[in-house]
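Each remark here refers to the structure printed beneath this line.
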Amino acid sequence: MKKLMTIMAMVMAVVAVNAKTLVVYYSYTSNVHNIMNELTKQIDADIVRVEPAEKGLDYAANNYAIGSAQIAAIRNNPNDASSYPAIDPVDVNVADYDCIIIGAPLWWSQMAAPLQTFLFHNGPAMAGKKIGLIVSSASSGISGVESDAKRLIPDGDFLSPSLWIKSAQTSSSASMLQQWLKDINYGAVSGVEYLQPDKSMDSFTVYSISGRLIGKNLESLDGLDKGIYIINGKKICK
């Protein structure tokens, strides 16, 4: 009669994040604001909102005449700091970050002017950093926003693809963001390291450090939040 011997193995798996991510955005309506808030539920990042220095402007008045004039000024002289609208001081040192994700509304096929101001002043310091771009618009494409980002961050290491979320899709942005993070391989970009279960195990169960069941026979630990997990594995030797 054959004997079955069960070998139990319990290991600790650590999911750690080494790199730092900054999310920076501008939002006139609530669309980009809501998208970026959803993004920071899915990743560990600091977040900065760019605000115009001049308050109370009605960008929607007269067919968005103010914003149109700001974009035209930048187009006419993109290398002159005076072409860019003033913004509130931003207390952030981009040199502290390895990955920077930019949330941008689209204005007349270009990046919104206040966000261009921030990148005009901070883009050179983003050289060599991973740059992700998320664009919100009502209908038109985002190639002009991508061109603006690459002009303002000439030495950035841009992640591909950029993510385009139409205004009507804002409420369903969670799933779109989740897929985009996979598409750009954000786990590798942000320095997330996963310890995988022993492939020789016939079965294994993953628990949180507090003992809560996470799952059984998971293919990998990809997608778990950073933390410490217990893997209880079983191997049957005949």
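Read-outs throughout are calculated quantities, based only on the coordinates presented, and are distinct from any laboratory measurement. Since this is a predicted model, take the numbers as computed values, not measurements. No Cβ is skipped: glycine too gets one built from the backbone with ideal geometry, and neighbour counts run over all protein chains shown.
Things worth noting here:
- Rg and Dmax [Cα atoms of region 53-138; Å; Rg one decimal, Dmax integer]: 13.7, 41
- The local environment of L106, defined by Cβ-Cβ distances under 14 Å, has a net charge of -1 under the rule Lys, Arg +1 and Asp, Glu -1.
- With the simple model of a label 7 Å out from the Cα in the direction of the Cβ, S143 to D155 spans 2.9 nm.
- The H on the amide N of G156, modeled in the peptide plane, is under 5 Å from the matching H of G128, each at least 5 residues off or on a different chain.
- Long pairs among K55/K150; K41/K182; K130/K182; K129/K182, criterion Cα-Cα beyond 22 Å: K55/K150
- Between Q178 and S82, the FRET efficiency from the beta-carbon distance, with R0 = 41 Å, is close to 0.50.
- Considering only T40, I74, V50, and ranking their Cα positions along the charge dipole of region 25-91 that arises from unit charges at the beta-carbon of Lys, Arg, Asp and Glu, the one farthest toward the positive end is I74.
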